[in-house]
Each structure stands twice: as C-alpha cells, then as structure tokens.
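Each remark here refers to the structure printed beneath this line.
The values are calculated or read from the model by the stated rules, or taken from the named source; none is laboratory data. Quick caveat, the model's predicted, so the values are computed rather than measured. No Cβ is skipped: glycine too gets one built from the backbone with ideal geometry, and neighbour counts run over all protein chains shown. Please note that ligands, DNA and RNA were not included when accessible areas were found on the heavy atoms of the full protein model with its side chains. Shrake-Rupley method; radii C 1.70, N 1.55, O 1.52, S 1.80 Å.
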Amino acid sequence: CRYCARSRMRAARCLVLYAFLQLLFYGVKPTHVTGLWNGKGYEFLHKFAIISGRGHQIHLYGSFSNNSEPATLLFVPSKLWKDLNKQVDKNKGSYNDDTCKHVMRSLCDKAGINAMDYIRQVPCYDDNCQPESVNLVPGSQITYTFSDSTQFYYAILVACVRSEISLNNSCDWISRKGSNMRYDVWFVSGDPLDTKHNSLTYQFSYHEHGVIIVLIIVVILYGVLLPFHLIGYTWLLGKCEMPNFVKVFTVALFMELIGVGFALIHYSVYADDGKGVMALYDLGFFFEVLADYVLLLIVLLIAKGYRITISVIRQKRLLFVVWSLYFIAVIAFVIWALVSYVELFFSY
C-alpha cells in the first residue's frame, strides 16, 4: 500500500541518519595524532584518560615544526579543562594579546604554582622547554608524564607565547602571528621508554582498556552460535516454508558478525600504530547499526505474534511508531551526550 511504502522510506532515512551521526561523533580517535595547524586560534588534539591507584601513567610525546614563531601546547586535566575550554570558546573568533592573557590567566589561577607542568613551548629545539624531572623520549621535542587522580587529560595547541617579562615565572602571555605548524604526537598508557608494553592497553585511553578482549569474546560467541543457527535453518528449510523474517534475521546475524569482525581488525591495527583502519571501522559500525534495527523490528514482529498466532500484521502504524520511538530516543541520547559534556566514571 501507499502508506507502507512511505513508512519504509522513512525508516530507511532514519537508519541512514542514525548511522551518519554515530560515525560522525563516535568514531574512535587515533592516539597517534598528526596534522597541519594553521597557527590561528587553537587546535584541539586529543583527550586521554587515567585512573589513580593502580600504578597507571599516561604519556604525551612528539615533535612539532614550522618556519616562524613558536606556539604553546597545553595538556591539562579535566578539572582545569572545563574553565579553560570556556575561555577558548569565548575568544575563538579572534586571538590577540588580551585574549591570550584571559585564556592563560584562567589556567594559571586554577593551577597555581603547578601551571607550568601543563605548558610546553613548541617547536622546542633545546632543553629549556622541558622540566628536568621529566625524561625526554628519544626523538621527540616534548614529553608529558602524569600519574595522579582519575580523570581525562586534554591536549590543545593555542596561538599564544610567553612574553619576555614572564620569564620570571609570572603568567603574562601574548599572541603569535599565524603560521602553519606540523605536529606528530603520541598519547600512550605506559612508559614509552620501556620496551615491554602491554599491547592491549598501551595505545588505549583507560576507558578503552579491554576493548579488544571484549571484541574477541563477541566474535567467538558469534562463531559458535551462528553455525548452530545455520544448521537449524538449513534443516527446517527442507521441511517447511521458511518465513521471510527468519531469512532477514539470518542476514542480520551475519551483518553483526561482519561489523564486530571489522571492529576487531581495526582495534588490532590500532594497538600497533595508534591509528587503526578507520574506513574499516566505519563500515563495520554501519553494518552493526543496520543489524541492530533489523533485529529490533524482528523482535517487535514476534511480540505481535507474527507467523506464530497471526499471519497478517494489524496496526502497522503503531508498530512503526514504536520502532521510530526507539530511534528517536537513541538520537536524543547522542545529542544530549554531545552538548552536556558528560564524562562517565570520571570526575572533574
């Protein structure tokens, strides 16, 4: 019917929109970050989590290059980032000396005497940019090492430099002229000077530890259960007419397995190079999204008794409304998570 065709078109658009939002906002960010910054305003690099009390450390190290003035790299904990981020966003339209004073003053006021622990001048071609208490990783210009309270750390480049009068440890900053700067930065969980790394955790922020193990378990479960389903499906196929939704269910299971398998491949590469194969991860995630919504539709059909107690679905509009409500709820959660600045299990 005409209404059913329109409903299918709406459902298809919802699936594509949801998949796009998930890929856009929840793609895994690499821990080996490279790029070119235009030297204006600021450039957010990455965030990385740490947990206290387990001998856990995070390290940031890397190199920077340009042909002009230096800039400033900040690697700050979430308790300082919230106020700093407000100042950065408030002044992102134009960067001048007053802007730098406001942005950096907010950091100095909150961090106090420890402010310089979070600040590095980049590029850095001598030993004056690095605190003596921190061992420099060979081949890099700067190194950060933190092992304190449970929280996220945020890395950001800002177009500010310390003024000459601030060399006496005062917090006076001026803006820099915009010029391109290349960066090659690593974020790791563990000592980069130690050659014996745990590949399951080294490249991963703490909130991502164990993701490879979980994916391996899921792939094994699918690898065990899917053959049993196929054996039963093949046996029943020769004895009776198979309902269409059972065939669709089988396809959905394969899509789930493909999606999880692609994610496992991505994370396995990610554990080695800090980047992974994002195209494969995105494709796998799209398969998982489609499979989830197909499985949800099948559950709704079974709940209505389709091909069990009834052969024709009535109240199709209600069925579509319930299916759409689930989609709307997920989209609302995605938007809420983006705008509310929530960090689950980590305190500010």
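In table form, for the structure just shown:
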{"quantity": "Label point distance in nm, Ile298-Asn198, each placed 7 Å from Cα along Cα→Cβ", "calculated": "3.7"}
{"quantity": "Spacing of the two label points (7 Å from each Cα toward its C-beta) at Lys316 and Val219, in nm", "calculated": "4.1"}
{"quantity": "Placed amide H near Ser163: partners under 5 Å, 5+ positions off or other chain", "calculated": "Asp172, Trp173, Ile174"}
{"quantity": "Average accessible area per residue (Å²) across the stretch 248-323 - probe 1.4 Å, nucleic acids and ligands excluded", "calculated": "52"}
{"quantity": "Added length on full extension, which subtracts the Cα-Cα distance from 0.36 nm per residue, Phe333 to Lys40", "calculated": "102.2 nm"}
{"quantity": "Segment Leu230-Phe245, length gained on full extension (0.36 nm per residue, minus Cα span)", "calculated": "3.9 nm"}
{"quantity": "Ranked packing of 192-202, 116-126, most packed first, by mean Cβ within 10 Å", "calculated": "116-126, 192-202"}
{"quantity": "Links that overshoot a 32 Å alpha carbon limit, given the list Lys40/Lys79; Lys86/Lys275; Lys239/Lys304; Lys101/Lys196; Lys110/Lys177; Lys101/Lys275", "calculated": "Lys101/Lys196; Lys101/Lys275"}
{"quantity": "Distance in nm between pseudo-label sites at Val134 and Lys86 (7 Å out along the Cβ direction from Cα)", "calculated": "2.6"}
{"quantity": "Dipole magnitude (debye, nearest 20) for the stretch 146-256, charges at Cβ of Lys, Arg, Asp, Glu", "calculated": "340"}
